[in-house]
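First the structure, in the form of structure tokens, and then the observations on it.
What follows draws every value from the coordinates through simple rules; no lab data is involved. All of these numbers come straight from a predicted model, not from anything done at the bench. We place every Cβ from the backbone using ideal geometry, glycine too, and count neighbours over all the protein chains shown.
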Amino acid sequence: MLTYKDAGVDIEAGYESVKLMKNHVKRTFRPEVLTDIGGFGGLFALNKEKYNQPVLVSGTDGVGEKQFSI
């Protein structure tokens, strides 16, 4: 069975990377940021009344193994 490690994904190294950058990233947070880093998405409180046509786009795409099916 192929493991993440066999596919070139080092999960522990990923955790360590998040740990090392966490405090630096948190310095960029605004009060509207509702979640911590490290998850697969982020939550941001948007005050709709403050903007005419608000658009909020949030996405994540991590590196790792990808499956292709034919």
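Scanning the stretch 14-51 for residues that are surrounded by fewer than 10 Cβ atoms within 10 Å (Cβ to Cβ) and part of a helix (DSSP H, G or I) returns 20, 23, 24, 48, 49, 50. Listed by first and then second residue, the pairs with beta-carbon distance under 7 Å, at least 6 apart or on different chains, first residue in the stretch 32-57 and under 30 Å from residue 19 (Cα atoms), second aromatic (Phe, Trp, Tyr), are 32/44; 33/44; 34/44; 56/44. Here the stretch 1-13 is the region considered, the condition is being of a type outside the set (Val, Ile, Thr) and part of a loop (DSSP other than H, G, I, E, B), and the residue that is farthest from residue 47 (Cα to Cα) is 1.
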